[in-house]
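Let me begin by presenting the structure, written as structure tokens, before commenting on it.
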Amino acid sequence: MKKHFAIKITGKVQGVFFRHEAKQLCESIGVTGFVRNEPDGSVYIEAEGPEDTLRALVSWCYDGTEGAQVEHVEVREGDIQNFKNFFIN
């Protein structure tokens, strides 16, 4: 069953290719949605796909990229938006 997760990642997550690598991961595992930098320095992801696939994305978010220093990952379920692909916003 398809789910929608809204994920907020805080810490040193901007300027470390977090969005780019999140996009590559999501495309490779078949997750749709988007990723964007937020004004408060966090990264925000909306992602849709099977729950186990989304959990794999969330697990990756705890580590992120080599240069990232993730402090917190917040996940909320939301309404399906039927994204067609995954993009950087």
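The values are calculated or read from the model by the stated rules, or taken from the named source; none is laboratory data. For clarity, every value in this text was computed on a predicted model and none was experimentally measured. Here Cβ is always computed from backbone atoms with ideal geometry, including for glycine, and neighbour counts include all displayed protein chains.
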(message) What's the total number of residues in region 31-89 that are touching a residue at least 12 places away in the same chain (Cβ under 8 Å), farther than 17 Å from Val16 by Cα and acidic (Asp, Glu)?
(response) 6
(request) Among the strands (runs of 3 or more DSSP E) lying completely within region 1-57, list those that include at least 3 residues that are of a type in the set (Asp, Glu). (result) none
(message) Out of everything in region 20-54 that is surrounded by fewer than 13 Cβ atoms within 10 Å (Cβ to Cβ) and not polar (S, T, N, Q), what residue ends up being nearest to Phe5 (Cα to Cα)?
(response) Glu51
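Taking the condition modelled with pLDDT of 95 or more and under 16 Å from Arg76 (Cα atoms), does Ile29 pass?
On the way: modelled with pLDDT of 95 or more: yes; under 16 Å from Arg76 (Cα atoms): no.
Taking the combined requirement at face value, the residue does not satisfy it.
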(request) Just one of (1) in contact with a His (Cβ under 9 Å, 6 or more places away or on another chain); (2) farther than 14 Å from Ala68 by Cβ trips up Ile9, so point out which. (result) (2)
